[in-house]
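None of the figures in this text is laboratory data; all of them are computed from the coordinates on show. Source: prediction; values computed, not measured. Cβ sites come from the backbone with ideal geometry, for glycine too, and all protein chains shown count toward neighbours.
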Amino acid sequence: MASAGGAVLELQKNSGSWAKVVEEVVKMERKIFPKHESLARSFDEELRKKNSGLLYIEINGEVVGYVMYSWPSSLSASITKLAVKENWRRQGHGVALLVAAIQKCRTRSVQRVSLHVDPLRLAAVGLYKKMGFQVDTLVQGYYSSDRSAYRMYLDFDSE
Ligand SMILES: CC(C)(COP(=O)(O)OP(=O)(O)OC[C@H]1O[C@@H](n2cnc3c(N)ncnc32)[C@H](O)[C@@H]1OP(=O)(O)O)[C@@H](O)C(=O)NCCC(=O)NCCS
């Protein structure tokens, strides 16, 4: 499904739009994710890490969604965050962001992209499955003592 209108942009470190985009993303983080799942406090730091990137969709100057990814080693990359503003959902932006992030990971020559997601996040789990991700295992207590996560992965070889 095509994303309705917004191109996927890459946040350039040290660019003029850095502060504005990070501010909008942090606001969305706070709104969408509970504290223990939120990167709001450490976002700036997280993004300045060498092997990480942030892609976002901007429509009429408004950031409507973002995806964060990292490649800690040459073996695998991870999708560390994906979110679309509530009133912009179900328009293909989630898919557009995820496809773009997977492409970025591909250029790093990794064989696997993995991620963690709360099984209760049905929209996200549905989206990841639709994109070919498979559930690897359930990691007990991943987010907090009573909240687990699916570890999901997509292998480029098996596509
Ligand atoms: C998950 C999320 C990013 C999806 O964004 P989106 O822009 O609405 O996604 P899309 O419009 O591209 O949807 C693509 C597919 O995902 C699945 N999906 C999306 N929303 C869904 C929902 N509410 N219920 C079930 N499946 C859903 C569907 O398969 C959908 O395809 P379809 O519209 O052809 O049925 C968005 O719901 C979100 O930000 N959720 C809160 C944050 C979150 O859970 N992030 C992931 C954990 S880090």
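Things worth noting here:
- Additional length obtainable on full extension of the chain from Asn60 to Asp146, 0.36 nm per residue less Cα span: 27.0 nm
- Its relative contact order, with pairs defined as Cα atoms under 8 Å and 6+ residues apart, puts segment 8-155 at 17 percent.
- Each Lys and Arg Cβ is given +1 and each Asp and Glu Cβ -1; about its Cα centre, the chain then shows a dipole of about 80 debye.
- When DSSP beta bridges are restricted to pairs lying wholly in the chain, around 90% turn out antiparallel.
- For chymotrypsin sites (Phe, Trp or Tyr not before Pro), the sites in segment 59-159 that DSSP calls loop and that have at most 15 other Cβ atoms within 10 Å are Phe156.
- Net charge of neighbours whose Cβ lies under 10 Å from the Cβ of Arg147, counting Lys and Arg as +1 and Asp and Glu as -1: -3
- Ranking Pro34, Ser114, Ser145 by how far each Cα lies toward the positive end of the dipole of segment 8-155 (charges on Cβ) leaves Ser114 at the top.
- Distance between the 7 Å Cα→Cβ label points at Val139 and Glu10: 2.6 nm.
- With θ taken as phi - 60° and the Karplus curve 6.51 cos²θ - 1.76 cosθ + 1.60 applied, the whole-hertz 3J(HN,Hα) list for segment 150-157 is 7, 9, 10, 8, 10, 9, 5, 4 Hz, x standing for glycine and proline.
- Each residue of segment 125-133 was assigned a 3J(HN,Hα) from its phi angle through the Karplus expression (A = 6.51, B = -1.76, C = 1.60, θ = phi - 60°), giving 4, x, 5, 5, 5, 4, 7, x, 5 Hz with x at Gly and Pro.
- Derived scalar couplings ³J(HN,Hα) [segment 22-30; Karplus, 6.51 cos²θ - 1.76 cosθ + 1.60; whole Hz; x for Gly, Pro]: 4, 4, 5, 5, 4, 4, 5, 3, 4
- Euclidean distance between Cα centres, segment 110-150 to segment 75-108, Å: 14 Å
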